[in-house]
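> Sharing a structure below in structure tokens format, with a few things to ask.
Since every read-out is calculated from the coordinates, none of them should be taken as a lab result. All figures in this text were calculated on a predicted structure; none of them were measured in a lab. Positions of Cβ are generated from backbone atoms using ideal geometry, with glycine treated the same way; all protein chains shown enter the neighbour counts.
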Amino acid sequence: MVDISPSDTELIRRAIAGDTDAFGVLYERYMTTIYRYIYFRLGDARVSEDLTGTIFLRVWENLDRFQPDRISFRSWLYRVAHNLLVDRYRTQKPVGRLDDFTLHDKQPDPEHRLIDNEESRMLARAISHIKPEYQEVVSLRFVSELSHFETAKIMGRSEGAVRVLQHRALKALRRSLGQAAKKEL
Amino acid sequence: MKKSLAAALAHSLEEMERGKKNIEQCLDLYPQYGQELGELLRLASRLSASSDIQPSLAFQTESKNRLQSKLQPRRAVDVNVRDRIRTYIEELNILRSRMKPKLSWGLITAFVLATLGVGGAGIAYAADGSSPGDVLYGIDLKLEALHLKLTSSPEERATLALAFAEERLVEIEMISGSGASGIDLQQAVDGYSLNISQAGKELTSLLATSGEESRAQALAHVLHASLTTHSQVIGEIRTKVPQPLQIYFDLAIVTSQTGKHTIESIFSERFPEGRAEVSPGGPPLNLPLDLPNRETGTPPESAPSDPISSLAIDLDQRILGLDLLLAEIQDHFTANRFEAGQAAILNYQHNLEVLASDLTTLAQQDEVQANTITLQFNATVSVHTEILLQLMDRIPDGSRPFIEQALNALDVSKQVLSDLFPEGIPNGPPNGFPPGRP
């Protein structure tokens with residue numbers, strides 16, 4: 001089937017001209033991925049929801065600055081989210097509460113869904129115990145499924161640094177998961 | 001050469017993300033890392049598979065309306081380049097009038113009067129309002145140079161040099177509207193190149209100072225945005241002057257374009273991660289001026305009827321258009337849109353070939369015009385080569401042959417230029433931004 005939904009570029013053009021509906025479509029398109037990225041960094045559903053709204057407001061206010069020939073809208077959005085989180089880390093300690101979250105209903109079988117939910121919960125908990133920069137690279141690369149290049153742009157690092165960082169982050173996460181398993185035994 | 005575990009992991013992940021290999025096939029590639037690589041790849045897969053966390057249902061249903069109610073109305077952006085240029089010229093005039101009281105002229109004037117041996121403080125003020133061709137214009141330039149000398153920080157010197165460059169633009173605009181002579185225009189354009197060169201040198205000096213990266217980046221942003229607008233302003237005025245005078249505008253455009261590309265090149269090299277930040281908030285990059293219709297080849301409305309001039313202007317604009325095509329290529333490949341990227345490269349390659357062929361035709365008809373265009377084309381070819389080489393480092397191995405294809409096309413263009421000018425391609429204007437690869 002042919003995809004007839006307007007492109008990001010078209011929506012941004014309309015949003016810059018003041019079309020709030022076009023911006024609403026962009027919001028629907030990216031709201032969940034941005035929420036997920038923040039959730040894996042902060043571990044608090046309520047705060048993550050608030051910050052998601054703040055990020056999109058900030059994006060709206062700065063749409064004039066967006067340069068589509070230099071960066072994709074998605075990368076720019078993550079960059080704004082990254083900056084907001086950096087500001088937040090500077091002023092506040094991470095929340096680290098890992099409260100209830102909603103999981104996408106991909107697995108129809110209740111037993112499998114339960115296992116999936118539990119696995120996601122364990123992973124999210126383990127992520128909350130590793131260093132912030134490891135959380136970020138894990139969140140961008142594997143939760144948001146961004147490329148090395150996009151991750152590097154968002155984190156303000158070189159691609160080489162991201163490659164090294166993701167290796168260290170996965171090792172740290174493996175350790176964190178191991179420790180969590182020991183505690184549960 | 002053996003890859004480190006981090007590199008093997010990154011490569012394996014990329015292969016899996018592109019759907020080319022599964023975990024077992026990746027492990028076959030790096031048997032030396034067997035178990036550890038396997039564990040890390042499986043962990044990464046688990047993360048991707050279980051990242052279906054969603055915000056609460058209430059948030060999903062209500063937040064959009066809540067957000068939209070908070071959005072402040074935006075002022076519709078005027079996308080008309082000509083209007084923007086007019087506004088910019090007006091702003092330049094305001095800036096110019098505001099600048100005067102800030103420049104501590106009293107102190108400088110006393111010094112200058114002693115140095116130059118001229119009498120009366122009024123002369124300095126009168127000189128400041130002069131333009132090329134005026135008796136006092138030389139004094140105006142000397143005062144500016146002096147003021148630059150007395151300014152201690154490289155950042156302030158760069159900003160001041162930029163302000164002086166913009167004065168040159170105002171002068172160019174002024175004398176173009178009142179029957180300019182070539183000598184006067186040459187003087188103003190040389191002054192512009194000199195000021196931009198000075199700003200470039202100060203940026204380089206700031207970059208070489210450790211701990212000044214963020215200030216250098218901020219300065220680069222200002223310079224980049226200004227140079228982008230300068231080339232638009234110059235391009236706009238260029239269309240209003242008689243054809244024989246347009247060569248001076250071409251030189252000024254080369255200065256601003258080369259400066260802009262050099263800043264991008266320096267920053268993508270020094271701060272590869274912050275490349276996108278070179279021009280935040282600035283005007284959009286590389287807006288073409290009256291680009292001819294690519295399909296029909298129709299020249300811009302303002303093109304004169306002289307066929308040689310038409311060809312020169314057409315070539316000039318198409319060279320600027322190459323920037324857009326390159327940006328398109330970068331965009332597609334960095335967003336992993338490889339098919340679109342390949343199509344953009346074919347288009348780019350075709351444009352380069354036609355441009356080189358047309359330039360050869362122009363060289364047979366008008367050597368002076370061909371010199372100017374060659375200068376611009378050569379700088380573009382060099383900068384594009386650099387940008388494509390950097391792009392090649394950032395994309396998957398499988399896509400590199402396409403970039404190599406574009407690089408080969410640039411090499412062919414370079415060869416055409418060398419054949420046209422066996423004694424050497426004309427040099428760029430004397431500025432702080434040398435054209436071509438460092």
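> Which whole-angstrom value gives the distance between the alpha carbon centres of segment A:1-63 and segment B:336-362?
Spelled out, the Cα-based centre of one part sits 35 Å from the other.
> Go ahead and run the numbers for FRET between B:Ser153 and B:Ser4, Cβ-Cβ distance against an R0 of 60 Å, rounding to 0.05.
Calculated value: 0.90.
> Between B:Lys240 and A:Asp64, what's the calculated FRET efficiency when r is the beta-carbon distance and R0 is 22 Å? Round to 0.05.
Using R0 = 22 Å, I get an efficiency of 0.15.
> For B:Val354 and B:Asp393, FRET efficiency with R0 = 35 Å and r from the beta-carbon atoms, rounded to 0.05?
The computed FRET efficiency comes out at 0.75.
> Okay, moving on. With a/c under 1.5 counting as rounded, go ahead and sort segment A:1-66 into rounded, prolate or oblate using the C-alpha gyration tensor (a ≥ b ≥ c being the square roots of the eigenvalues; past the cut-off, prolate if a/b is larger than b/c, else oblate).
In terms of gyration-tensor shape, oblate.
> If each of B:Val412 and B:Ile23 carries a label point 7 Å out from its Cα toward its Cβ, how far apart are those two points in nm?
The answer from the label model is 4.7 nm.
> In nm, to one decimal, how far is the B:Gln32 label point from the A:Arg46 one, both placed 7 Å along Cα→Cβ?
5.3
> Distance in nm between label sites at A:Glu133 and A:Ser5, each 7 Å beyond Cα in the beta-carbon direction?
3.5
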